[in-house]
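Enquirer: Take this structure, written in structure tokens, and hold onto it; I'll ask about it next.
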2 protein chains.
Amino acid sequence: MTRSEGSEDGIRLAVSTVILTMRRDGSAAPRIALPLVRRTRAPHAGDWALPGGWLDVREGLAAAAARTLAETTGLAPSYLEQLYAFGAVDRAPGRVISVVYWALLREDLVDQQLAERRSAGVEIENVEWFDASDLPTLAFDHARIVEYAAWRLRNKAGYSRVAQGFLPPEFTLADLREAYETILGRKLDPANFRRQVDATRTLIPTNAFRTGSHRPARLYRDATDVELADRGPLASDETRTS
Amino acid sequence: MTRSEGSEDGIRLAVSTVILTMRRDGSAAPRIALPLVRRTRAPHAGDWALPGGWLDVREGLAAAAARTLAETTGLAPSYLEQLYAFGAVDRAPGRVISVVYWALLREDLVDQQLAERRSAGVEIENVEWFDASDLPTLAFDHARIVEYAAWRLRNKAGYSRVAQGFLPPEFTLADLREAYETILGRKLDPANFRRQVDATRTLIPTNAFRTGSHRPARLYRDATDVELADRGPLASDETRTS
């Protein structure tokens, strides 16, 4: 393949990131939320867009996603995974292929990172957080991209331990169930859930308990030596409830 | 975002396709195989590469994958899915991002399509089929790409009906189990397999039977109104045998 064999002229490559967190305001049920950046220039000036930017010729795709995410939102996810390359001919003026990443970030780390940026004098402008289920007008095909990311998250919850991305290293079974319920948008039976989690043997009980207004709940942590995929506690649940 | 905001200069966009079939030679166990194209020019002249080519500025990504696959191999898959965008800085001279697709094609359709091309006078040159487990020297990072596609296939077999992509519209449970065994590289217990398939309710028994040297085996077809993902007959198997 030489340059003259094909036409790449006029094709530009961008990266964007859908970074999701699970937010809890007061006692309400938690919700999936993401940061968007308000566009200050045409096209789509005033609309909201995913954090992102152009790929630099000397940087890898994931590195570009992390860099542009940090530049626009101040956030650094612990987990970043490629979602999809969007390349419809008419998705933007000219021809732009967007390689989109998705990331999960715990709410407490979001707060911590933004506080660190503020104390370092970094100003994050034109960024707001929105509920994934209540989005403003999005630029380009970004509404479709967010929709696809939310689908991937739900889908992945069926066969991997993706929900743990919203939780601190130690959590109760109720915390884990709530994360899955938030992702899937439906209630799960606590006894069934516990049985399925037990069957996967991916959680390690600690000797610590959370105490409070309820009876003490044991804290668990992830068995990090077990592969993430194919073993989610909801895999057989998804089949059974179909 | 305007052109001056970022540098896309020198970044070229290619598409490639990993198209897999399940081949059976005589009575041997079937194997996963794929077509590769021998490179006739530098870089990597003489090495084998995935079918592909440059993205045209006026064509969608999947359309480009289908076009370049047809141009190089004469094949037209019934199913084409984006695999991943590979973009390491040093993967090719210059900077080339390859959006890679993967496809499954039944062996009988491979033979049929190639026969049609031949009778239409189309010459397919420099293409050979290789076992996925016994590949020649591949150009660029294509060995890693094929490895990733094989992993995705195995992984996907755990939670979707991907194995059906290797089978004709009507098949026996033994056919389906053999396809899963070929993908996963291990034997599955026939009774367990049947129970799991039954539980997913994704197969519809027909009134037809295959007869031959064994006792007649009922033919099944896919329940095409059921979603592909999250309901694979092996989802709970993968969990149990872990």
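Enquirer: For region B:85-142, how many residues meet the condition of being in a loop (DSSP other than H, G, I, E, B) and either touching a residue at least 12 places away in the same chain (Cβ under 8 Å) or more than 14 Å from chain A (Cβ to nearest Cβ) (or both)?
Expert: 23
Enquirer: Right, next: Name the pairs: first residue in region A:182-199 and acidic (Asp, Glu), second residue assigned to a helix (DSSP H, G or I), Cβ to Cβ under 9 Å, at least 6 apart or on different chains?
Expert: A:189/A:237
Enquirer: Looking for whichever is touching a strand residue (DSSP E or B) at 6+ places or on another chain (Cβ under 6 Å) and outside the structural domain of residue A:33 (by TED's automatic domain parsing) here; the options are A:199, A:191, A:217. Which one fits?
Expert: A:217
Enquirer: Next up: Within region B:55-72, identify whether any single residue is within 12 Å of the chain's Cα centre (by Cα) and either farther than 16 Å from residue B:114 by Cα or at pLDDT below 95 (or both), and answer yes or no.
Expert: Within region B:55-72 (the criterion being within 12 Å of the chain's Cα centre (by Cα) and either farther than 16 Å from residue B:114 by Cα or at pLDDT below 95 (or both)), the answer is no, since none of the residues qualifies.
Enquirer: Something else now. Which one is farthest from the other protein chains (Cβ to nearest Cβ) among residues in region A:74-84 that are outside any loop (DSSP other than H, G, I, E, B) and either free of Cβ contacts under 8 Å to residues at least 60 places away in the same chain or buried (at least 17 other Cβ atoms within 10 Å of the Cβ) (or both)? Show your work before the answer.
Expert: Initially, region A:74-84 is screened for residues outside any loop (DSSP other than H, G, I, E, B), giving A:79-84.
Next, from what is left, pick out any that are either free of Cβ contacts under 8 Å to residues at least 60 places away in the same chain or buried (at least 17 other Cβ atoms within 10 Å of the Cβ) (or both): A:80-84.
Details: A:80: 14, A:81: 10, A:82: 6, A:83: 10, A:84: 6 Å.
This residue is A:80.
Enquirer: Say whether the condition of being of a type in the set (Phe, Trp, Tyr) and crowded, with 16+ Cβ neighbours inside 10 Å is met by at least one residue in region A:101-108. Please lay out each step first, then the result.
Expert: Restricting attention to region A:101-108, the residues satisfying the condition of being of a type in the set (Phe, Trp, Tyr) are A:101-102.
Then keep just the ones that are crowded, with 16+ Cβ neighbours inside 10 Å; that gives A:101-102.
Within region A:101-108 (the criterion being of a type in the set (Phe, Trp, Tyr) and crowded, with 16+ Cβ neighbours inside 10 Å), the answer is yes, since at least one residue qualifies.
Enquirer: Among the residues of region A:30-73, which ones are outside any loop (DSSP other than H, G, I, E, B) and among the β-branched types (Val, Ile, Thr)?
Expert: A:32, A:37, A:68, A:72, A:73
Enquirer: From the list A:206, A:241, A:202, A:224, which residue is at pLDDT below 85 and more than 11 Å from chain B (Cβ to nearest Cβ)?
Expert: On the way: A:206 fails: at pLDDT below 85; A:241 fails: more than 11 Å from chain B (Cβ to nearest Cβ); A:202 fails: more than 11 Å from chain B (Cβ to nearest Cβ).
Result: A:224 is the single residue among A:206, A:241, A:202, A:224 that is at pLDDT below 85 and more than 11 Å from chain B (Cβ to nearest Cβ).
Enquirer: Would you please name the residue that is farthest from the other protein chains (Cβ to nearest Cβ), looking only at residues in region B:12-50 that are without any contact (Cβ under 8 Å) to a residue 60 or more places away in the chain and not hydroxyl-bearing (Ser, Thr, Tyr)?
Expert: Only one residue fits best here, namely B:26.
Enquirer: Same structure again: So which residues in region A:160-199 are surrounded by fewer than 17 Cβ atoms within 10 Å (Cβ to Cβ), among the aliphatic types (A, V, I, L, M), farther than 21 Å from residue A:20 by Cα and at pLDDT 90 or above, if there are any at all?
Expert: Residue satisfying the conditions is A:191 alone.
Enquirer: Can residue B:135 be described as more than 12 Å from the chain's Cα centre (by Cα), surrounded by 13 or more Cβ atoms within 10 Å (Cβ to Cβ), of a type outside the set (S, T, N, Q) and within 18 Å of residue B:34 (Cα to Cα)?
Expert: yes
The values are calculated or read from the model by the stated rules, or taken from the named source; none is laboratory data. All values reported here derive from a predicted model rather than from experimental measurement. Note that each Cβ is placed from the backbone with ideal geometry, even for glycine, and that neighbours are counted across all protein chains shown.
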